[in-house]
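Below is one structure, written out as structure tokens; comments come after it.
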Amino acid sequence: MPVPADPTVLHPMPGQPRVVLLKPLVTSPLIEVGEYSYYDDPDDPTAFETRNVLYHYGPEKLVIGRFCALGTGTRFIMNGANHRMDGPSTFPFPTMGGSWSEHFDLITGLPGRGDTVVGHDVWFGHGSTVMPGVRIGHGAVIASGAVVTSDVPDYGIVGGNPARLIRTRFDAATTARLLAVAWWDWPAEHITEHVRTIMSGSVDDLEAAAPGGSGG
């Protein structure tokens, strides 16, 4: 019988310490990552929580789905990066200490954009940046160097700064079928039997391979 990959192994690629699965790596209760999503970095991929999730002081969460591929330098800017802009200066004086800290009320309760949520099967190119509160749909592709400031639709391809929708990978009807089949929710054993269909088959093939389908 085909054997599924182990989602609890930190380094899934033998001899390639630059690749880590994120679910067994992250410890912060403010970060949720689905199985098999990975990050690739030749320097220190195990420092993902501190080097790639920035200004994460809470309470907003970063949620990443299953089977996401994060290229080197993918970064998530969280709501803690926010500064006041309604007065003459944006500088956060109270954080510097001394008697300035008596004015901490000036930087608490700043407006936030909520959780940052990434769907399943999303591919992030090298050096992409996601701004606070963005929601990225299933099957999306984020181009290298993109700065994502607004939501990305399912199976959308975005690029640029600020990122714009370049095109969608499939038409609306096909996208709806892909979302309905939701292969990322299949049991690992069933995915293992149909890896070739998931990677290179048609939507018809995928639907036929689904658990309970004509091929499943």
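Of note:
- Residues that are farther than 20 Å from P2 by Cα and among the acidic types (D, E) within segment 162-216 comprise D171, D204, E207, listed in sequence order.
- Qualifying positions in segment 25-40 - touching a Pro at 6+ places or on another chain (Cβ under 9 Å) and under 14 Å from R51 (Cβ atoms): L25, Y39
- Of the residues in segment 192-211, at least one is β-branched (V, I, T), touching a residue at least 40 places away in the same chain (Cβ under 8 Å) and surrounded by fewer than 18 Cβ atoms within 10 Å (Cβ to Cβ).
- Candidates are the residues of segment 27-37 that are over 16 Å from A69 (Cβ atoms) and hydrophobic (A, V, I, L, M, F, W, C); the one that is surrounded by the fewest Cβ atoms within 10 Å (Cβ to Cβ) is L30.
- Evaluation of V3 against (1) within 15 Å of the chain's Cα centre (by Cα); (2) open to solvent by 50 Å² or more (accessible area, probe 1.4 Å) (one fails), failing number: (1)
- Among residues that are in contact with a Cys (Cβ under 8 Å, 6 or more places away or on another chain) and under 30 Å from A182 (Cβ atoms), S37 is included.
- Sole residue being among the polar types (S, T, N, Q), more than 26 Å from T116 (Cβ to Cβ) and without any contact (Cβ under 8 Å) to a residue 60 or more places away in the chain, chosen from T174, T149: T174
- Sub-6 Å Cβ pairs linking a first residue in segment 39-53 that is without any contact (Cβ under 8 Å) to a residue 24 or more places away in the chain to a second residue that is open to solvent by less than 40 Å² (accessible area, probe 1.4 Å), at least 6 apart or interchain, number zero.
- Test: L179 is open to solvent by 90 Å² or more (accessible area, probe 1.4 Å), aliphatic (A, V, I, L, M) and closer than 24 Å to V148 by Cβ: no
The values are calculated or read from the model by the stated rules, or taken from the named source; none is laboratory data. Source: prediction; values computed, not measured. Glycine gets a Cβ as well: all are built from the backbone with ideal geometry, and neighbour counts include every protein chain shown. Heads up: the accessible areas ignore ligands, DNA and RNA and are worked out on the full protein's heavy atoms, side chains in. Shrake-Rupley method; radii C 1.70, N 1.55, O 1.52, S 1.80 Å.
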